[in-house]
Amino acid sequence: MTARVEFFFDLSSPWTCLAFHNLPGVLERTGAAAVYRPILVGGVFNAVNPAVYAAREQTDNRRLQHSWKVLKDWARLANVPMNFPSAWHPAKSIAAMRFCCALEEDQAALVRFARGAFASYFVRQENLDDPAVLAAVADAEGLDGAALAAAAATDVVKARLRTTPMKSSRAAAMVRRRFSSTRAICISATTSFRSSKPRSHVEKDSPVKDRISITMLEGGIADVRLIRADKMNALDPAMWEALAEAVDQLKETAGLRVVVLSGEGRAFCAGLDLSSLSNDRDPGASSAGGSLSDRTRGIANNAQYAAWGWRELPVPVIAAVHGVAFGAGSQIMAAADIRIVHPDTRIAIMEMRWGLVPDVAGMALWRTQVADDVLREMIYTNREFNGSEAKLLGFATHVSDDPLAKAMELAEVIADKNPHAIRGAKRLCNMLADASDAEVLQAESDEQVKVIRTPNQMEAVMAGMQKRKPNFTD
């Protein structure tokens, strides 16, 4: 029996545009069939909210600028042609969606028209509210534009758009979740595209390609994701090895400015995959391979390096954490310079539950983040706490309903700073836990000598004075 997917779409939604273009590939891989359903998501059916449109037309709206940046990255990864204006003037798509409703009984024609309409708006930036433009799109797709325009203007089609086949409760829920739901569809489709072939810098026999994805975005931002989503990114031998290899690759990546670390699926990282443990393992052996006592990765063993390695990276690391971060997952989170969590994220230093002590570099990392007595309580009791409490206790830097978007926004800010000064600042921050006052003061002077009056430092000054984006060299 063939599975059927109902694809509800609105021509004014950029996330839906990405999902629309990737859906055929998903259907081909899964053997499913799709039924396309036009629905006006830009407001509650045909009631457009003027305040939303007014806000989106503000050229200095940083949130929208970030949204366009994220869209541009996904469009490039998914190989979907899209143009992105400096301000988003969203289509009032009632007329376009009436054209779609008039075609709903002919699914092949509906798909052709929708593809043409998406290109009209997101590539040529034409007005989707103009029936003449829509008729031209229909003609270009081999349809009768004039007849379609006449059908779209009938009371029957207008009523059909108002009474979409979705149940009212489901429709209301979809409208409330319009951004998150369309984004979820799009990311699911493009994730399969991204992970379907190794990156040029990942060897074919590398564990990274099966456990971690590394995507270099514009501006030297590395989007690093744990992709063992079916196991909530739990740590098996391959994941331990992939984390270490990812760190090593990033250390050698030219032009790297900042790393955003996150997990795909339902969790950031659920900790150790207990099912991967061997019953006959030596007491001193590490689940990450090698011995717990041996320093196989500089000052760390293999497991510790999976977390500590992110602290050793010369550039800032921002963790975007959702779902759960248990045990070793909480310690990998701690390795990030900045930690952004969803308020409902479940976090626990879980080792005491199994009669163990935390040993994935957490002790060396938490000492600069959490008060001593708080840390002791959380270790001794393995009590679970959420993202909001994590922020209050010091385990997290920020709380956000969309940690990854917030992390990317912050990464863009950091990527626009003098890269040599950023690296020097990280070296200074890394030494604060151990160095004496005299050593810190000397290090401040040494780092400043390295950057002052250099071309990048002068560029930072000039860009600020000229109110333009800086152009640094690595």
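State which residue pairs qualify: first residue within 17 Å of residue 358 (Cα to Cα) and inside segment 381-396, second residue at pLDDT 95 or above and hydroxyl-bearing (Ser, Thr, Tyr) in any location, beta carbons under 8 Å apart, and separation of 6 or more residues or different chains.
Listed pairs, sorted by first residue: 395/330.
Select from segment 320-366 the residues that are over 15 Å from residue 306 (Cα atoms) and either part of a helix (DSSP H, G or I) or of a type in the set (S, T, N, Q) (or both) and list them in ascending order.
Correct list: 345, 350, 351, 352, 353, 354, 366.
Please specify each residue of segment 208-265 satisfying the condition of being polar (S, T, N, Q) and more than 23 Å from residue 303 (Cβ to Cβ).
215, 253
Which one of 222, 238, 229, 244 is at pLDDT below 95, buried (at least 21 other Cβ atoms within 10 Å of the Cβ) and of a type in the set (Gly, Ala, Ser)?
Only one candidate qualifies: 244.
Residue by residue, here is whether (1) surrounded by fewer than 24 Cβ atoms within 10 Å (Cβ to Cβ); (2) in contact with a Ser or Thr (Cβ under 7 Å, 6 or more places away or on another chain) holds:
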position	(1), (2)
296	yes, no
300	yes, no
304	no, no
307	no, no
315	yes, no
329	no, no
338	yes, yes
343	yes, yes
353	yes, no
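Residue-by-condition table, conditions (1) small (Gly, Ala, Ser); (2) assigned by TED's automatic domain parsing to the domain that holds residue 217; (3) buried (at least 18 other Cβ atoms within 10 Å of the Cβ):
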| site | (1), (2), (3) |
| --- | --- |
| 393 | no, yes, no |
| 396 | yes, yes, yes |
| 404 | no, yes, yes |
| 421 | yes, no, yes |
| 433 | yes, no, no |
| 436 | yes, no, no |
| 440 | no, no, no |
| 444 | no, no, no |
| 452 | no, no, no |
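Would you confirm, using the coordinates I've provided, whether residue 357 is crowded, with 24+ Cβ neighbours inside 10 Å and not polar (S, T, N, Q)?
Here the answer is no, as residue 357 does not meet what is asked.
Can you find, within segment 20-61, the residue that is modelled with the highest pLDDT among those that are in a loop (DSSP other than H, G, I, E, B) and in contact with a strand residue (DSSP E or B) (Cβ under 8 Å, 6 or more places away or on another chain)?
32
Picking from 324, 374, which residue would you name as being under 18 Å from the mean Cα position of the chain (by Cα) and not polar (S, T, N, Q)?
The conditions single out 324.
Go through (1) modelled with pLDDT under 95; (2) part of a loop (DSSP other than H, G, I, E, B) and name the single condition residue 256 misses.
Exception for residue 256: condition (1).
Taking segment 142-159 as the search range and keeping residues that are buried (at least 18 other Cβ atoms within 10 Å of the Cβ) and part of a helix (DSSP H, G or I), which one is modelled with the lowest pLDDT?
The residue in question is 157.
Of the residues 106, 129, 139, only one is over 30 Å from the mean Cα position of the chain (by Cα) and modelled with pLDDT under 85; which?
Unique residue meeting the criteria: 129.
The values are calculated or read from the model by the stated rules, or taken from the named source; none is laboratory data. Here the structure is a predicted model, which is why all the values come from computation and not from measurement. No Cβ is skipped: glycine too gets one built from the backbone with ideal geometry, and neighbour counts run over all protein chains shown.
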